[in-house]
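The values are calculated or read from the model by the stated rules, or taken from the named source; none is laboratory data. Keep in mind it's a predicted model, so treat the numbers as computed, not measured. Counting neighbours? That spans all protein chains shown, and the Cβs are built from the backbone with ideal geometry, glycine included.
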Amino acid sequence: MTPPTATETTPAPPETITLNMGPQHPSTHGVLRLVLELDGETVRHAAAHIGFLHTGMEKTMENMPYQQAITITDRMDYLSGMNNNLAYCLAVEKLLDMELPPRGQAIRVIMSELQRIASHLVWLGTHALDIGVMSVFFYCFREREAILNLFEMVCGGRMTPAYIRVGGVSLDFPVGFEERLAAFLSVMPTRIDEYDDLLRHNDIWLERTQNVGHFSEADCWRWGVTGPPLRATGRPHDLRKISPYCGYEQYDFEVAVGAEGDVYDRYTVRMKEMRESLKILEQALTALPDGEHLADDPRVVLPPKERVFSEMEALIHHFILVTRGFPVPAGEAYGCIESPKGELGYYVVADGSEKPFRVRVRPPSFYNLQALPEMIQDRLVADVVATIGSLDIVLGEIDR
Amino acid sequence: MSESAEQPPEPSAPPRSQIETELRILRRHCPDAILEVTEQPARDMHWIEIRKERLHRVASLLRDTGELGYQMLADLFGVDYPEREDRFSVLYQLYSPGRNQRLYLRVRVEEGEAVPTLREVFPNADWAEREVWDLFGIPFDGHPDLRRILNPDDWEGHPLRKDYPLVGRRPVLLFNSVKDVL
Amino acid sequence: MGQLAPTTPDLGQQVGQQGFLLAKLDDLVNQVRANSIWPLTFGLACCAIEMMATVSPRYDLARFGAEVFRASPRQADLMIVAGRVSQKMGPVLRQIYDQMPEPKWVIAMGACSSCGGVFNNYAIIQGVDEVVPVDVYVPGCPPRPESLIYGILQLRKKIMNQGKLNRAAR
């Protein structure tokens, strides 16, 4: 049986109405256009139209040196900038065959997990806002400010960090960062419990989210759905465990799984993921190794500032790396990570020059969203809103 | 010289390819499909270049054969090599969750040549093929709704081609009427 | 008040001569408009998240009267274009702007909506002032919530000093 596909609507039978959830809509989490054919309140057919945020990022990255292209990656999945940076840098480091120092890896893990919590907080806030719980939105954004303060301490940018660079991270932790992080970690678990308490026993929440937006594991594989929607079906598929990167194998954490694959299970999976991220952060912080935050690879890594200001060779080296960039040997590599949205991958084709030949981003939200019409088939309009929220899509990475 | 003289190393057997099973099954059921096999085991990447006519068969085999289990089409995209005669490569990344194995299928086509659609085997190829059509201009035979997905419907040109300038060809959109672009 | 009078300069002069009471009424109207701006939710990309952060308790846009973010353009008077506007989104932006009733203002938030930002390419409109008239530009990528608040305060100043019955001064 051919699965229903999101195609242009054929002329609707007279008993249905065509409703446009236009690109400007509070609940579409971005500029997404859904054209729904409704029979009363029931969705008979849905088509998703994307492209309203197409930015030509892949082409822009082809015209920038490798290190500079990291700034573009921030803006794809703008809720998890660090993760995008990481996936891209992993691909480029594979092309360069670089080994990273343990401190750099640990810092990357810390940033990744902080970003995961920040992204899930935005998800929770906006998802709850769509369903009607406005308070949770304000609480989540308040917590997120704490994380953004940490990011700002480390790299100056709140949402667009460009902190994870090829070879490690751009700067080491400033003085006082670890104390701030420890303070955050001591407060956060109770806050997550608070939000969970607000929602988990709330009848309205349960009514709106349970048995809505079902998707089985087989469906997920067919549609390429990864991330929390896949884990909500019961399959513990987490790239941090299955194909560990950045030293994730050293940390002890569980993979959050659900049971039914509905909106409520995606909620519980993400809440648990936040708690597990806190566990990873504790471990990473206590076991943070000393050493360099950047690989010792002069082809790629800028020399330390003290040397740049005192030695001529270091100055020239810095100049060339910044203005021209570094050449990457020809080849193709795929760097994939478990981003908060799912499997995020960067396929980088290098041709030996300083600029990538082709950068393909495998956006998790693109494939997750494609499955939406099947999830909302014969459901109510209100369920559409809940399902979109549960998928946690970011149009920035869908449209690139 | 010491007693335990340095023996010349035994000629070792060539390392077993990680995709040996795949190649064996494909060669048995679909012998003319494989054009070239490239492997980079250090990066855990394996590419099989196949004939485009055999794409559907190969993908079905990879998906349905129990011991292979490539249930997921992880990605589908194009690359433009303008100096080559077959300037476009369409890459398919298949993923086998049971074995945690990724495999790339590569199909090379020239300008204007169409590739058969993979929608019947993997439904999520739908949007990805529309994107490749939009950005590269590679048509897909059998796709029921091949229209642009990222650029406006009336866009001219295929932006990710190497001969398309970054800043685009048409002037910045200054319009005085709201056309039905939606 | 301002909508009832035509925009001919000599009428404005006449009114200027009419003096104190009408001028005070104008001030009042402008005060009211400035202190209860209802923004439209027009978040497109990363700047939208910073716009949401501006509403969050830490930066609290509500203290300036701009708490009620309306989803419908018919009920909003400020469109904060937060994010990059692609070629496909341009007509949508214009349509939404046209649906907003007068008086209306536009803030171009972020580098992408001010001038195309980081993305000088085929896909992004190089500044929304190609599509809609912009009152305040807030630079940044993304601008910090404080910057957006500053931009809104500048807009308030602009509204308070808005041409009285002569709308050509806007």
Looking only at region A:259-312, filter to residues that are among the aliphatic types (A, V, I, L, M) and within 18 Å of A:PHE177 (Cβ to Cβ); which one of those is surrounded by the fewest Cβ atoms within 10 Å (Cβ to Cβ)? A:ALA287
Of the numbered conditions (1) within 14 Å of chain B (Cβ to nearest Cβ); (2) assigned to a loop (DSSP other than H, G, I, E, B), C:CYS141 satisfies every one except a single condition; which is it? (1)
So how many residues does region A:17-35 have that are at the interface with another protein chain (Cβ under 8 Å from one of its Cβ atoms), modelled with pLDDT under 85 and either in contact with an Asp or Glu (Cβ under 8 Å, 6 or more places away or on another chain) or not in a loop (DSSP other than H, G, I, E, B) (or both)? 1
Which members of region A:301-318 meet the condition of being at pLDDT below 90 and outside any helix (DSSP H, G or I)? A:VAL301, A:LEU302, A:PRO303, A:PRO304
Those residues of region A:62-101 which are part of a helix (DSSP H, G or I) and among the hydrophobic types (A, V, I, L, M, F, W, C) amount to A:ILE70, A:ILE72, A:MET82, A:LEU86, A:ALA87, A:CYS89, A:LEU90, A:ALA91, A:VAL92, A:LEU95, A:LEU96
Any residue at all in region A:242-257 that's in contact with a strand residue (DSSP E or B) (Cβ under 8 Å, 6 or more places away or on another chain), assigned to a loop (DSSP other than H, G, I, E, B), crowded, with 21+ Cβ neighbours inside 10 Å and among the polar types (S, T, N, Q)? no
Within region A:144-164, residues at the interface with another protein chain (Cβ under 10 Å from one of its Cβ atoms) and either among the hydrophobic types (A, V, I, L, M, F, W, C) or closer than 25 Å to A:ARG240 by Cα (or both) come out as A:ARG144, A:ALA146, A:LEU148, A:ARG158, A:MET159, A:THR160
Among residues of region B:92-118 being without any contact (Cβ under 8 Å) to a residue 40 or more places away in the chain and buried (at least 21 other Cβ atoms within 10 Å of the Cβ), the residue farthest from the chain's Cα centre (by Cα) is B:TYR95
So which residues in region A:36-61 are assigned to a helix (DSSP H, G or I) and aliphatic (A, V, I, L, M)? A:MET57, A:MET61
If you check B:LEU166 against the conditions, is it more than 19 Å from the chain's Cα centre (by Cα), surrounded by fewer than 18 Cβ atoms within 10 Å (Cβ to Cβ) and closer than 21 Å to A:VAL349 by Cβ? yes
Across region C:144-170, the tally of residues that are assigned to a loop (DSSP other than H, G, I, E, B), among the basic types (Lys, Arg) and modelled with pLDDT under 90 stands at 2
Among the residues of region A:99-143, what is the count of those that are of a type in the set (S, T, N, Q) and more than 11 Å from every other protein chain (Cβ to nearest Cβ)? 3
Criterion first (under 12 Å from the mean Cα position of the chain (by Cα) and either without any contact (Cβ under 8 Å) to a residue 60 or more places away in the chain or within 10 Å of another protein chain (Cβ to nearest Cβ) (or both)) does B:LEU73 satisfy it? yes
Screening B:ASP145, B:ASP126, B:ASP141, B:ASP134 for residues that are within 7 Å of chain A (Cβ to nearest Cβ), charged (D, E, K, R) and either under 19 Å from B:LYS52 (Cα atoms) or in contact with a Phe, Trp or Tyr (Cβ under 9 Å, 6 or more places away or on another chain) (or both) leaves only B:ASP126
Does A:ASP196 satisfy being within 14 Å of chain B (Cβ to nearest Cβ), more than 21 Å from the chain's Cα centre (by Cα), touching a residue at least 40 places away in the same chain (Cβ under 8 Å) and assigned to a helix (DSSP H, G or I)? no
Given (1) within 14 Å of another protein chain (Cβ to nearest Cβ); (2) under 27 Å from C:VAL68 (Cα atoms); (3) not aromatic (Phe, Trp, Tyr), number of the condition A:CYS220 does not satisfy: (2)
Residue in region A:320-333 that is under 28 Å from A:GLY168 (Cα atoms) and buried (at least 24 other Cβ atoms within 10 Å of the Cβ) present: yes
Quick one: is A:PHE151 surrounded by 20 or more Cβ atoms within 10 Å (Cβ to Cβ), touching a helix residue (DSSP H, G or I) at 6+ places or on another chain (Cβ under 9 Å) and either assigned to a helix (DSSP H, G or I) or not basic (Lys, Arg) (or both)? yes
Just the residues that are of a type in the set (Gly, Ala, Ser) and closer than 19 Å to A:LEU100 by Cα, please, taken from region A:234-288. A:SER243, A:GLY247, A:ALA284, A:ALA287
Those residues of region C:126-138 which are within 14 Å of chain B (Cβ to nearest Cβ), assigned to a loop (DSSP other than H, G, I, E, B) and buried (at least 18 other Cβ atoms within 10 Å of the Cβ), in sequence order: C:GLN126, C:GLY127, C:VAL131, C:VAL132
Filter region A:208-241 for residues that are in contact (Cβ under 8 Å) with a residue 40 or more places away in the chain and of a type in the set (Gly, Ala, Ser); the one that is nearest to A:ALA256 (Cα to Cα) is A:GLY227
Among (1) within 14 Å of chain B (Cβ to nearest Cβ); (2) crowded, with 23+ Cβ neighbours inside 10 Å; (3) modelled with pLDDT of 90 or more - the single one A:ALA386 does not satisfy: (1)
